[in-house]
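Data block below; observations after.
The values are calculated or read from the model by the stated rules, or taken from the named source; none is laboratory data. Since this is a predicted model, take the numbers as computed values, not measurements. Neighbour counts are summed over all protein chains in view; Cβ atoms, including those assigned to glycine, are modelled from backbone coordinates with ideal geometry. The accessibility values were calculated without ligands, DNA or RNA, using every heavy atom of the protein model including side chains. Shrake-Rupley method; radii C 1.70, N 1.55, O 1.52, S 1.80 Å.
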Amino acid sequence: MTFEADFLFRGMQRWNLGWPTPNYAGAFLAVLLALGFAFSGSRGKWMVLLAEAGGLFLLAKTYSRGAVVAWVAAWVFGILAMRAWRDSGDPLQRTLWIARPLMLGVMLLIAGFGWSRAGNVGSVVGSGGGEQRENTGGTPVPVSEDARGVDTTGGAPVPLSEDGSVVNRLALWRGGLKMIAVAPGSGWGAGESGRAYMNWFQDMDRTEGFSTMVNSFLHVGVEYGLGALTVVLAALGWLLSLAWTGAREEFSETDSEGSERLRERGTRTRGARWAMAAGASLVAWAVANVFTTLWIDWKLWVVPGGAALILLWMGVRQGWRMSVRRAALSAVASGLAVGALYGVGIWLSRVSGERVVPGAFGTVVVQRSATSAGGVGETWHVWPDATVLGASPGKELRRWLATRSGDARLVVHRAAAQAGEVPGRGEGVMLFGRQAERVASAGMSEAGAVWLIHPLVPVPPAAMSGKMAGDVGRVVSGGANVAVVLPEIDEAGNGAGWRAWAARVGARVVVSPGCGLDIRVAWPEVARTWAEGRGEKGAGN
């Protein structure tokens with residue numbers, strides 16, 4: 001654990017306070033400070049104010065814009081729920097509520113806080129966190145810095161429309177909504193949101209790396225489906241309704257004789273203050289989760305989890321009938337909100353020239369329609385390898401798909417072997433890198449085309465056997481396009497063996513000019529060579 005790490009803002013250190021990133025630290029402080037609103041009515045108000053000032057200074061030093069917005073949202077919830085401007089019983093309360101945002105403004109000025117991330121490490125091609133490294137947002141590549149990571153751009157402010165942190169987030173969120181639209185039920189699977197986005201939805205000229213949606217709500221919807229997101233939003237709405245009601249009620253108290261007497265008009269009991277503070281804390285938590293994927297770190301759940309327990313107790317006190325009614329209303333509101341997100345995702349997907357959906361057995365199906373009527377022409381089963389196609393092989397496959405003249409569909413398989421992954425009769429097969437060993441599978445003898453691209457493994461013994469070699473040979477003699485594509489620079493040292501195999505089965509050998517194992521320097525143009533049947537038979541070339 002480190003108090004400060006290499007997170008910079010315009011040459012100034014961003015404090016992460018022992019958390020993995022400053023965004024985590026800022027969110028934790030915003031949620032904790034909001035829960036501290038419960039002490040507004042206690043004795044020693046000036047000590048409370050001093051403690052809050054220190055917390056706000058630490059918040060400012062994280063330079064986390066999302067955390068600042070989260071705290072402001074919590075403050076707005078608190079002042080509205082408590083109707084602090086009407087608190088005639090304790091005028092100092094009004095002063096304290098007004099002083100809070102003023103204190104925040106002063107602390108932001110002292111810290112040199114700015115809303116623009118211009119000139120910051122990773123600001124142009126970063127993960128959306130505006131940081132030199134952000135473990136929830138991916139693997140940004142620093143730009144415009146020297147080898148020591150020092151900002152050399154001068155840190156001149158730019159419009160938010162040119163702020164890399166904002167631009168990257170918006171692009172990621174648009175992609176996330178599209179991903180929800182094509183897989184609203186079961187989602188894309190746990191841990192797959194960032195990888196699926198980079199492969200299938202990120203613009204092909206972008207190189208930012210992501211591991212999540214940099215938004216907890218989109219993260220849940222993309223990975224687990226809209227049903228899970230509906231439950232999350234309904235639970236959050238229900239808890240906030242309990243907080244709102246508990247904070248605004250005119251509570252009564254019981255004196256020592258057992259009789260009830262109302263408190264002075266406009267004041268609140270301790271329970272009401274805790275209801276307000278717990279609600280404000282959850283508001284801060286919810287807003288902070290809009291800007292960073294926070295829910296995956298259990299330690300950040302401690303404070304909002306405590307706030308939720310407080311509100312659950314409030315719900316028990318208010319009676320089960322009222323709680324059930326509020327839960328039903330929250331569920332309806334959540335369903336409407338999720339439906340709106342789904343509609344936006346469909347609308348964003350309307351102009352896409354390709355459709356990407358999760359398929360059976362962990363596959364991803366990419367369909368491109370070259371005609372307005374759509375339809376499926378050729379089908380290719382692809383087993384990619386990151387050594388050959390890079391960290392985002394899906395991006396490279398989309399580039400190749402765009403070069404096809406007719407309707408086409410790719411069925412992209414996972415590297416791990418799965419049952420039921422046998423291509424249909426006449427369908428094409430592309431085996432990249434280590435996946436070339438699959439040529440020994442019996443299902444390959446039914447393929448209409450087999451391309452082994454930059455094999456990283458020796459020829460499988462089964463592929464050299466009489467029966468398997470004969471099967472492939474019959475496929476070749478039947479007119480199938482079978483090609484072994486070898487790099488010009490034989491880094492793996494397997495070229496000779498694959499040339500011998502090609503000679504035995506009658507397959508063509510094609511060389512990728514100027515390439516080592518990584519084919520991207522010649523991709524996708526080089527694919528036209530073997531697609532058009534060029535190359536030499538057997539051990540030639």
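In what sequence, highest mean first, do 223-231, 200-208 appear when ranked by Cβ atoms within 10 angstrom? List each step's numbers first, then the result.
Working: 223-231: 19.0, 200-208: 16.6.
With the highest mean Cβ count within 10 Å placed first, the list reads 223-231, 200-208.
Just to make sure I understand: if all protein chains stay in place, what is the order of T245, T212 by accessible area at 1.4 Å, largest first?
Details: T245 30, T212 10 Å².
From most exposed to least exposed: T245, T212.
Give a residue-ordered list of calculated ³J(HN,Hα) values for the stretch 494-510 (Karplus: 6.51 cos²θ - 1.76 cosθ + 1.60, θ = phi - 60°; whole Hz; x for Gly, Pro).
Each residue of the stretch 494-510 in turn: 9, x, 4, x, 6, 5, 5, 5, 4, 5, 5, 9, x, 7, 7, 10, 10 Hz.
Note down the accessible area of E488, probe 1.4 Å, to the nearest 10 Å².
About 110 Å², ignoring ligands and nucleic acids.
When a/c is below 1.5 the answer is rounded, else prolate if a/b is larger than b/c, else oblate, so apply that to the stretch 277-321 with a ≥ b ≥ c taken from the square roots of the Cα gyration tensor eigenvalues.
On the way: a/c = 2.86, a/b = 2.17, b/c = 1.32.
Prolate.
Give the long-range amide H neighbours of V482: residues separated by 5 or more places, or on another chain, with amide H under 5 Å away, using H modelled in the peptide plane at 1.01 Å from N.
Hits under the 5 Å cutoff: V450, R508.
For V382, what residues show an amide H to amide H distance below 5 Å, using hydrogens built from the backbone and excluding near sequence neighbours?
Here V411, V412, H413, M430 satisfy the definition.
³J(HN,Hα) across the stretch 312-327 via Karplus (A = 6.51, B = -1.76, C = 1.60, θ = phi - 60°), whole Hz, x for Gly/Pro?
Each residue of the stretch 312-327 in turn: 4, 5, 4, x, 5, 5, 7, x, 6, 5, 5, 5, 5, 4, 5, 4 Hz.
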